[in-house]
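Undergrad: Input: one structure, supplied below.
The values are calculated or read from the model by the stated rules, or taken from the named source; none is laboratory data. Keep in mind that this is a model prediction, so the values were computed, not measured. Here the Cβ positions follow ideal geometry from the backbone for every residue, glycine too, while neighbour counts run over all protein chains shown. In case anyone asks, the SASA skips ligands and DNA or RNA and just uses the protein heavy atoms, side chains included. Shrake-Rupley method; radii C 1.70, N 1.55, O 1.52, S 1.80 Å.
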Number of protein chains: 2
Amino acid sequence: MDSAAFVSGPAAPPCAPRLAQRISSFKAAAPSSNKTQSSRVIAPQYLLRSTASTGVRMGVASPSKVSLMELFVEPSKLAAAKTEAESLPKVALSEIDLQWVHVLSEGWAAPLKGFMREDEYVQSLHFNCIRGENGELVNQSVPIVLAVDEAKKAEIESSGNACALVDPSGSTIAILRNCEFYTHYKEERVARTFGLTDKRHPYAEKIYEAGNVLLGGDLEVFERIRYNDGLDEYRLTPKELMAEYEKRGADAVFFFQLRNPVHNGHALLMQDTRRQLLERGFKNPLLVVHQIGGAVKGDDVPLKERIMQNKAVMEEGILDPESTILGIFPSPMLYAGPTEVQWHAKARMNAGCQFYIVGRDPAGMKHPEHGEDMYDPWHGKKALTYAPGLEKLEILPFRVAAYDKSVGKMAFFDPSRAGDFLFISGSKMRAYARDGEMPPAGFMGEKAWKILVDYYASL
Amino acid sequence: MDSAAFVSGPAAPPCAPRLAQRISSFKAAAPSSNKTQSSRVIAPQYLLRSTASTGVRMGVASPSKVSLMELFVEPSKLAAAKTEAESLPKVALSEIDLQWVHVLSEGWAAPLKGFMREDEYVQSLHFNCIRGENGELVNQSVPIVLAVDEAKKAEIESSGNACALVDPSGSTIAILRNCEFYTHYKEERVARTFGLTDKRHPYAEKIYEAGNVLLGGDLEVFERIRYNDGLDEYRLTPKELMAEYEKRGADAVFFFQLRNPVHNGHALLMQDTRRQLLERGFKNPLLVVHQIGGAVKGDDVPLKERIMQNKAVMEEGILDPESTILGIFPSPMLYAGPTEVQWHAKARMNAGCQFYIVGRDPAGMKHPEHGEDMYDPWHGKKALTYAPGLEKLEILPFRVAAYDKSVGKMAFFDPSRAGDFLFISGSKMRAYARDGEMPPAGFMGEKAWKILVDYYASL
């Protein structure tokens, strides 16, 4: 998603047969009726299985042990843990380190029990998945690691292999136990995660600046991570999301990952997905509009403005508040394209997501050297389709939406009358907002648009 | 393996618990007796399964449909195929392309049916494995792709999407059908395969020089690939190897991958593995000493000298000719470390290999920029241990061998008397041979050593 529908580009190319089958299976696997046609192509078994396991038979996401794993210290042991932490070596967390502690603590990265040990890291880097307790493959495409320097390693090793984690404000927030150290091969990590080694890539830059040692261990977090920025109420944990589905009586949950404002093209995709789920027989599909909450690159719209804008979209009724939850995903943004989109999907699966919408060039960005797309814009969708450990998630590719001048609103792009469509890229949209210009009527709700204009005026 | 035992370095660090378990399970899973101790650590289920499925119960590798897939044109259709090829657009193969045609044609890369299509490529690049027909994960860690330029793409597209492949000598050797084209993102391919983007890496260099379009399709090879270099008799196909196991009545098959001469440290490892397999109850374990037959970097010993040297080692009785097969693996060398070692293992699994020996820094090399190891020397072993699609292969990590001055022969390194040991690196060995100096007695068989000396004298 991300900048997906803002990015100008051609319509989706013809899908490979298997992918097409996956797409068509989405439509075909209706519980109520029309389990019909469309099958001269034989669907591979695993796609059929996948559809079956994510279809209506499953109903609402059922809280499982794994997906609700949290890494908080039990309240009865909290005082003792805090006292113990005082005597431990301290590791100062960067802003992004803290966001990963947040992610880990609430179970988005389950079954990870803390920052990765070397065996987990090697698997994540090479396979984008790791072996669970029983040898099963669990998707984990991005390494979640903590870098320290040699001096800190020596200090922790000589103090019983545990340390206290201190957030950027100076508060001790967690203990990391049974520490394990291994070499931080930065260039290799960057290469395998991002498909480049350029130091100007926004997340790679932070890797190159980090310590030369990686520190894995078991994480025990004292209390829920809060930022007191007025947005904490949107930072629902997987557990809280599960409770919300229950409360609203949802029988299907689909997620829309964002690091952008919502325009009417996005809204169209979400509405259309809901329509399809209803057609398949679900009675109460619930949409989670899920904004990236962690660090984003400088030219992305800040979290606060995105949330305000998203709220306005719901208030304007463009997204139905009854069947929509607005939430924040505490992960930083990596800009790792096909590698990262798996993380986006897997983390949401841990929050009960059954259907995940993916578009063009998810988590992509322009190459810092030559300015072209870093990734083939359709590799993200392909990676999601085949990713080990995501078999139970149904991937919903979306059609490209653009501004249809013939009707004055966002609509699915129809290549047979391409001239009617206007692609409004992210930079185009920002230019409109910055210059106080109105985009074409029907591009975005008025109230929502004003929030962006005000933001850019404030810069 | 490769330069493994030549490389000077410390003894293996303490293994992570799971890895240790895998090692100890090798020893514990004896069919005859002593299924004993050593298990305070609980082995994850998949490791137990793995051991079970590769243990004695399986006996000799049984030729399966997949592992014996060949891509040769049926003799009855050969004349027609050759006639057809004359009218098709021609794609000129590089030396390495030809080696990949060789690999594909004999089924080493089964179930690949030709050069990778985009869906296979994306999976290989991101997961080091691809989905088989039934959704199962098949290991395929290195992309096997064919690069062409835009003009060739246009030519093939306008001629019915098939082309003829022409080897470097000008002979048409195969047809590629149902062609599919996709963009060759070279930097990303290099980054994800090698963990760097440096253009001086020997295989990366060839990728950067190649065309901008990748061409996938179904391969139909006219005849067995021959090089007429006096070594073709060692280029046994998986089918021929299987027949040889049968003929020799082997009940276990283990492989030793090499791109180096065999010194007595290597021999010790192979002998010791045989001893362990006999102890586990196998009656007739068969060793395949398997030299990389494709392109290697400039300072590696050429194939001809390696084979002559290996033959001498067998003639000198250092390796028992009765229980050893000397063979050539037609793949080029990639120098892709933990990524490539999976390919080395998977290809051999397709040739009936049940036990695969892995050492320090398999398929590693020095970084072209700073001269340090490109990879953590133990990541190859870790990757093999966890790799999706290699569950049925039992990985046998080996102990580091070095020259033990106290007894005047190669022996397993004993860190408690480190001073007794001399590590003779690859460059050290080459320096000895180049300068006509003798290495310490017991380092290598005399006849075998002379072959190296003669080779270096000829340079």
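Undergrad: State all residues of region B:86-122 that are more than 14 Å from chain A (Cβ to nearest Cβ) and among the β-branched types (Val, Ile, Thr); if no residue qualifies, say none.
TA: Scanning region B:86-122 gives B:91, B:96, B:101, B:103.
Undergrad: Checking the condition of a type in the set (D, E, K, R) and either assigned to a loop (DSSP other than H, G, I, E, B) or surrounded by fewer than 16 Cβ atoms within 10 Å (Cβ to Cβ) (or both), which residue from A:239, A:304 passes? I'd like the intermediate steps shown before the answer.
TA: Details: A:239 fails: either assigned to a loop (DSSP other than H, G, I, E, B) or surrounded by fewer than 16 Cβ atoms within 10 Å (Cβ to Cβ) (or both).
Only one candidate passes the filter, namely A:304.
Undergrad: Could you tell me whether residue A:331 is small (Gly, Ala, Ser) and within 27 Å of residue A:202 (Cα to Cα)?
TA: yes
Undergrad: So is residue A:406 open to solvent by 10 Å² or more (accessible area, probe 1.4 Å), at pLDDT 90 or above, in contact with a helix residue (DSSP H, G or I) (Cβ under 7 Å, 6 or more places away or on another chain) and not aliphatic (A, V, I, L, M) or not?
TA: Working: open to solvent by 10 Å² or more (accessible area, probe 1.4 Å): yes; at pLDDT 90 or above: yes; in contact with a helix residue (DSSP H, G or I) (Cβ under 7 Å, 6 or more places away or on another chain): yes; not aliphatic (A, V, I, L, M): yes.
Considered against the rule, which asks whether it is open to solvent by 10 Å² or more (accessible area, probe 1.4 Å), at pLDDT 90 or above, in contact with a helix residue (DSSP H, G or I) (Cβ under 7 Å, 6 or more places away or on another chain) and not aliphatic (A, V, I, L, M), residue A:406 comes out as yes.
Undergrad: Turning to a different aspect of this structure: If we keep just the residues of region A:354-396 that are outside any helix (DSSP H, G or I) and of a type in the set (Lys, Arg), which is nearest to the chain's Cα centre (by Cα)?
TA: If we take residues in region A:354-396 being outside any helix (DSSP H, G or I) and of a type in the set (Lys, Arg), then A:360 is nearest to the chain's Cα centre (by Cα).
Undergrad: Another question about this same structure. Among the residues of region B:203-217, write down those that are open to solvent by 20 Å² or more (accessible area, probe 1.4 Å) and either farther than 16 Å from residue B:143 by Cα or among the aliphatic types (A, V, I, L, M) (or both).
TA: Residues satisfying the conditions are B:209, B:210.
Undergrad: Just for region B:264-285: of the residues that are within 19 Å of residue B:322 (Cα to Cα) and touching a helix residue (DSSP H, G or I) at 6+ places or on another chain (Cβ under 6 Å), which one is surrounded by the most Cβ atoms within 10 Å (Cβ to Cβ)? Give the steps one after another, and end with the answer.
TA: Just the residues of region B:264-285 that are within 19 Å of residue B:322 (Cα to Cα), to begin with: B:264, B:266-279, B:281-285.
Of the ones still in play, those that are also touching a helix residue (DSSP H, G or I) at 6+ places or on another chain (Cβ under 6 Å) are B:266, B:281, B:285.
On the way: B:266: 28, B:281: 15, B:285: 21.
By that ranking, first place goes to B:266.
Undergrad: Moving to a separate point now. Only strands (runs of 3 or more DSSP E) wholly contained in region B:123-184 count here; list those with 1 or more residues that are crowded, with 20+ Cβ neighbours inside 10 Å and at the interface with chain A (Cβ under 10 Å from one of its Cβ atoms). Talk me through it step by step, then tell me what you get.
TA: Working: elements: B:129-131, B:137-139, B:163-166, B:172-183.
Hits in region B:123-184: B:129-131, B:137-139, B:172-183.
Undergrad: Any chance region A:238-255 includes a residue that's in contact (Cβ under 8 Å) with a residue 24 or more places away in the chain and closer than 20 Å to residue A:78 by Cβ? Steps first, please.
TA: Residues of region A:238-255 that are in contact (Cβ under 8 Å) with a residue 24 or more places away in the chain, as a first pass: A:238-239, A:241-242, A:244-246, A:248-255.
Narrowing further to those that are closer than 20 Å to residue A:78 by Cβ: A:239.
Yes, region A:238-255 has at least one match.
Undergrad: Please specify each residue of region B:339-373 satisfying the condition of being within 12 Å of chain A (Cβ to nearest Cβ), under 18 Å from residue A:119 (Cα atoms) and in contact with a Lys or Arg (Cβ under 9 Å, 6 or more places away or on another chain).
TA: B:339, B:341
Undergrad: Follow-up. Condition test on residue A:89, is it under 14 Å from residue A:217 (Cβ atoms), in contact (Cβ under 8 Å) with a residue 12 or more places away in the chain and touching a helix residue (DSSP H, G or I) at 6+ places or on another chain (Cβ under 8 Å)? Steps first, answer last, please.
TA: Details: under 14 Å from residue A:217 (Cβ atoms): yes; in contact (Cβ under 8 Å) with a residue 12 or more places away in the chain: yes; touching a helix residue (DSSP H, G or I) at 6+ places or on another chain (Cβ under 8 Å): yes.
Here the answer is yes, as residue A:89 does meet what is asked.
Undergrad: Oh, and also: In region A:385-396, how many are at the interface with chain B (Cβ under 10 Å from one of its Cβ atoms) and touching a residue at least 40 places away in the same chain (Cβ under 8 Å)? Please lay out each step first, then the result.
TA: So the first thing to find is which residues in region A:385-396 are at the interface with chain B (Cβ under 10 Å from one of its Cβ atoms), and the list is A:385-389, A:391.
If we keep only those that are touching a residue at least 40 places away in the same chain (Cβ under 8 Å) too, we end up with A:385, A:387-389, A:391.
Here the count works out to 5.
Undergrad: Restricting attention to region A:425-439, report how many residues are open to solvent by less than 30 Å² (accessible area, probe 1.4 Å), part of a loop (DSSP other than H, G, I, E, B) and at pLDDT 85 or above.
TA: Counting residues in region A:425-439 that are open to solvent by less than 30 Å² (accessible area, probe 1.4 Å), part of a loop (DSSP other than H, G, I, E, B) and at pLDDT 85 or above gives 1.
Yes/no per residue for (1) among the acidic types (Asp, Glu); (2) outside any loop (DSSP other than H, G, I, E, B):
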residue: B:220; (1), (2): yes, yes
residue: B:224; (1), (2): no, no
residue: B:260; (1), (2): no, no
residue: B:269; (1), (2): no, yes
residue: B:281; (1), (2): no, no
residue: B:312; (1), (2): no, yes
residue: B:317; (1), (2): no, no
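Residue-wise test of (1) buried (at least 23 other Cβ atoms within 10 Å of the Cβ); (2) not basic (Lys, Arg).
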| residue | (1), (2) |
| --- | --- |
| B:362 | yes, yes |
| B:366 | no, no |
| B:372 | no, yes |
| B:380 | yes, yes |
| B:383 | yes, yes |
| B:387 | yes, yes |
| B:390 | yes, yes |
| B:397 | no, yes |
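Undergrad: For residue B:324, are the conditions met, namely being within 14 Å of chain A (Cβ to nearest Cβ) and among the polar types (S, T, N, Q)? Spell out the reasoning first.
TA: On the way: within 14 Å of chain A (Cβ to nearest Cβ): no; among the polar types (S, T, N, Q): yes.
Spelling it out, it is not the case that residue B:324 is within 14 Å of chain A (Cβ to nearest Cβ) and among the polar types (S, T, N, Q).
Undergrad: Taking region B:185-205 as the region of interest, how many residues are within 27 Å of residue B:90 (Cβ to Cβ) and either among the acidic types (Asp, Glu) or not in a helix (DSSP H, G or I) (or both)?
TA: Number satisfying all stated conditions: 2.
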